[in-house]
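Engineer: This is the structure I have questions about; it appears just below.
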Amino acid sequence: MPGIAAGGFPHAEEWRYPQAIASRSNRLENEADQVSQQAIATLLTREKDPINLIKIKELLECLERAATDKAEDVANVWKPSS
């Protein structure tokens, strides 16, 4: 298996540029926020059972916090101070 230096890691070149990582992570997190909001909007229009609606909405919000918000937090650590 190739190592990071041998190109075995996707986007390895970007790791040399913390600002690029933070910027890309922020863009992806914003896209994920939009997808999450759209999923919740669709859920609110389609789900008729209020109990299921609450459960699924809570699950979607939890996934968004766990995945994208935490990834953005990590990227922010990499961001050089201005």
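No lab work stands behind these numbers, since they all come straight from the coordinates. Just so we're clear, the structure is a prediction, and the values are computed from it rather than from any experiment. We place every Cβ from the backbone using ideal geometry, glycine too, and count neighbours over all the protein chains shown.
Engineer: Find which of ALA22, ASN52, GLN34 sits farthest along the positive direction of the dipole of region 17-78, computed with +1 on the beta-carbon of Lys and Arg, -1 on that of Asp and Glu, about the Cα centre.
Structural biologist: ASN52
Engineer: Give, rounded to the nearest 20 debye, the magnitude of the charge dipole that region 17-78 has about its Cα centre when Lys and Arg contribute +1 at Cβ and Asp and Glu contribute -1 at Cβ.
Structural biologist: Using only the charged Cβ atoms, the result is roughly 120 debye.
Engineer: Find how much the distance from LEU28 to LEU43 grows on full extension, using 0.36 nm per residue of separation minus their present alpha carbon separation; answer in nm with one decimal.
Structural biologist: 3.2 nm
Engineer: So if I take the alpha carbon set of region 17-78, get Rg, then get Rh from the Kirkwood formula, what is the Rg over Rh ratio?
Structural biologist: Rg/Rh for region 17-78 comes to 1.14.
Engineer: What is the calculated FRET efficiency for GLN19 to LEU63, with r their C-beta to C-beta distance and R₀ = 25 Å, to the nearest 0.05?
Structural biologist: Calculated transfer efficiency: 0.35.
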